[in-house]
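Below is one structure, written out as structure tokens; comments come after it.
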Amino acid sequence: MRWASGLWATCGALAAATTLVTTSAAAQIVSDSDGDGLPDEWERSGHGILDPRIHGVSVGKRDFIIVYALRGNTDAAAARAAMERVRTFYAGLPIPNPDGSTGLNLVLVEGPRLAAEYNDPDRSTYDAMYGAGFPVAWRGIGRGFLVEARGGRGGQTIPGGEWAAAGAPWQTIAHEIGHQLGIDGHAPPGSGVSPLYGSIMSYDYNYSFNGNADAVHMSTGRFAGVTLDETRLDEVLPFALGDVAFLQAAPYKFKLQADGPSRVLVDWNRNGIPGERGIQADINDGYAVSGSLPALELGPTSGAPVLAPVGRHLFLVYPQATTPQASWTNAFNVNAHGASIMVSRIGSDGPTSPVDGRGSATSELSAVGFGNNTLAVGYQTAGIARIVYWPVRAEGGLGDRKEILWPKTMQTAVSSDPFKPDRVLLVVGTEPAPPPPKAPSPIPGTNPGQPTPQVPPSSANERPALFMLLWSAAAQEVHVVRVAYDGLNFTFPPQYSYPLRTGNIDRLKCSSPPAATIDPANNSLIVACRNDAWNRGVVRTHHFAYRNGGYAELSFMLDVGDFGSDEAPTLVLDPPFPGERRSRMTVYGKVAAPGNVAAIVRRAREVRDGSGVGGWRTSMMSNEWEKTQSAPAAASFDGSHAYAVRFSHQDARIPDRIVLYRRTGIVPGPLRDFDDLPLLRMAMKTRLEALRAYHRVK
Ligand SMILES: [Zn+2]
């Protein structure tokens, strides 16, 4: 599977240099019997540049005026055609007018073509283009729109709605005009994104609805009676299959099954079993994976954050260098001075202030919880593998820091060449506990009332086992070291590391830093990485069974997809699908962008409903502006995924508060459909009245 490197058309708010009045309190009281914000007097006799005989406005029908300017080499005929299609869209809205007609009448006025000096996106602001593109004579009467030469880039709308910009396709323009008329959000008020909110104002359905680009529409709220919550879902909808059939199309591709004439079974959690009750699922990842808001901000960081659940506590660990000053503009420089290990606990009331765990990391970090009461962090310093660890107290505080180093002499003994690790990864599995000392046998025939001893749960026969994985960029190999634990301290036992193998002689090759974890469902080791010699760019998971105290035998491999990134993927496990003996995998990875270019993160999660390509459903994280220069952090915690990213603001004026943390995937809160039309009717009037007051148009 290969993702298109296409652009994610979307929509942002323009930063406004001017503050627009957004209430109509200042507007003079005038008669506006059709409620479009244009006074009856204007619609009868004209006002300034507005002439009813030319522009076709009338009393009795809702009219609104868009003056559209052209940027660069935008084709005038194509712009006109797109605007005419938008006109048809608004004319078709089921909004009744006093004169008996329905729909909104979009009055199109062709504005100026901007001078060539505005072609350079880096040198011309939308504020400046407002001045050049929206004629003064129309201010307070109509709204301005800039038709961009390049389409597919999404659009933006200024708060207050007076000025917006977008290119092709026409659906983007219609969406931005929806913002201009007064629908501010991309989800209903008081709701997260819902797959049942089929509006053109939702990113999910901006460009296509039920597989049809011409079927995009404003929502009339026909499903508003159903409130969904991702933390407690019933896979039943009280509608006819035909009414919700659009859920089977992109972007969701949910599997539906009619259950009578007005009931549909859904497979919200994509496990192949529709109709379950009381389940949890991420059901609104159509455009992007949403998360709890606002995201917590920590930092600054010099590299990738990592997340480690320890018992019921969650720790966020990240490297912070002092020289050069940590900044998103700097790559993580392994040759620079080592970075401090910053440790913060994410409590229910936010993150604790980070503890400086010292150490001088010259690589990215790995962190795991061990036995519900120990936090361990692995990294390397100048080629020496190192583990620092802390006991975690019941309330979540850290005890005394301890540290072990992988001895140099053994490091050179793992192969004929020195094996200097570029990455150190920690994973925790289980192993049989040594048998307890035998109690003296009871004398036969005595104590007859004693019940038959219960077989203790298997967990009592197992104990956690820490393994250290070393990856070398030069050798492209992954070596395993078993770390001993005596109940208080970790030690490196006197043994060599061994390389992971994919066959009798072939060693596992990872072209980029791997992710690794141990599957609690079967105690197998999973290593996810690229092998460019076999399948360029594709992240593959390799599953190694546990045998005789180690991970030797390759069970199987799965291709995830092409993230195209040099950064390590991040692997998260959730409980198995029904009937499976291995955990469900989710892979997070920074996308594309060679070198150290900031890029978005994508999530690929395993599905069993047949909707995913190769069994994986892929989604962008957050939105197209949340870019990172490092691998993302993710962990399964408290029913959803904890997620952190080294955020690149791409704006030097914003301070480096750049570790963003949020809960993602399954997020509590209401998800609803919504009737756009009453809001549209009300806002198109009040917003225009506010613009009229702002420009003092009397
Ligand atoms: Zn928008």
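Between residues in segment 175-204 that are at positive phi and residues that are open to solvent by less than 10 Å² (accessible area, probe 1.4 Å) and more than 9 Å from the ligand (Cβ to nearest atom), which pairs lie under 7 Å by C-beta distance while being six or more apart or on different chains?
GLY182/GLY161; GLY182/LEU680; GLY182/ALA683; GLY182/MET684
Quick one: how many residues across segment 515-549 are surrounded by 15 or more Cβ atoms within 10 Å (Cβ to Cβ), at positive phi and small (Gly, Ala, Ser)?
Summing the residues that are surrounded by 15 or more Cβ atoms within 10 Å (Cβ to Cβ), at positive phi and small (Gly, Ala, Ser) in segment 515-549 gives 1.
Are any residues in segment 166-184 open to solvent by less than 30 Å² (accessible area, probe 1.4 Å), near the ligand (Cβ under 10 Å from one of its atoms) and part of a loop (DSSP other than H, G, I, E, B), and if so, which ones?
Residue satisfying the conditions is ILE183 alone.
Out of VAL86, VAL107, report the one residue that is open to solvent by less than 20 Å² (accessible area, probe 1.4 Å), modelled with pLDDT of 95 or more and part of a helix (DSSP H, G or I).
VAL86
It is to be established whether one or more residues within segment 567-579 are over 26 Å from SER292 (Cα atoms) and either more than 14 Å from the chain's Cα centre (by Cα) or at pLDDT below 95 (or both).
Scanning segment 567-579 turns up at least one residue that is over 26 Å from SER292 (Cα atoms) and either more than 14 Å from the chain's Cα centre (by Cα) or at pLDDT below 95 (or both).
For ALA224, indicate whether it is within 13 Å of the ligand (Cβ to nearest atom), among the aliphatic types (A, V, I, L, M) and in contact with an Asp or Glu (Cβ under 6 Å, 6 or more places away or on another chain).
In short, no.
Run down ASP243, ASP204, ASP214, ASP229 and say which single residue is within 16 Å of the ligand (Cβ to nearest atom), modelled with pLDDT of 95 or more and among the charged types (D, E, K, R).
None of the other options fit; the residue is ASP204.
Looking only at segment 121-143, decide whether some residue is farther than 23 Å from ASP36 by Cα, more than 16 Å from the ligand (Cβ to nearest atom), assigned to a strand (DSSP E or B) and open to solvent by 10 Å² or more (accessible area, probe 1.4 Å).
Within segment 121-143 (the criterion being farther than 23 Å from ASP36 by Cα, more than 16 Å from the ligand (Cβ to nearest atom), assigned to a strand (DSSP E or B) and open to solvent by 10 Å² or more (accessible area, probe 1.4 Å)), the answer is no, since none of the residues qualifies.
Mind listing whichever residues of segment 228-269 are part of a strand (DSSP E or B) and within 15 Å of ARG672 (Cβ to Cβ)?
The initial filter retains those residues of segment 228-269 that are part of a strand (DSSP E or B), namely 228, 233, 236-237, 256-258, 264-266.
LEU228, LEU233, LEU237 - these are the residues of segment 228-269 that are part of a strand (DSSP E or B) and within 15 Å of ARG672 (Cβ to Cβ).
The values are calculated or read from the model by the stated rules, or taken from the named source; none is laboratory data. Worth saying up front: this structure is predicted, and the values here are computed from it rather than measured. A quick note on method: Cβ atoms are made from the backbone with ideal geometry, for glycine too, and the neighbour counts reach across all protein chains shown. In case anyone asks, the SASA skips ligands and DNA or RNA and just uses the protein heavy atoms, side chains included. Shrake-Rupley method; radii C 1.70, N 1.55, O 1.52, S 1.80 Å.
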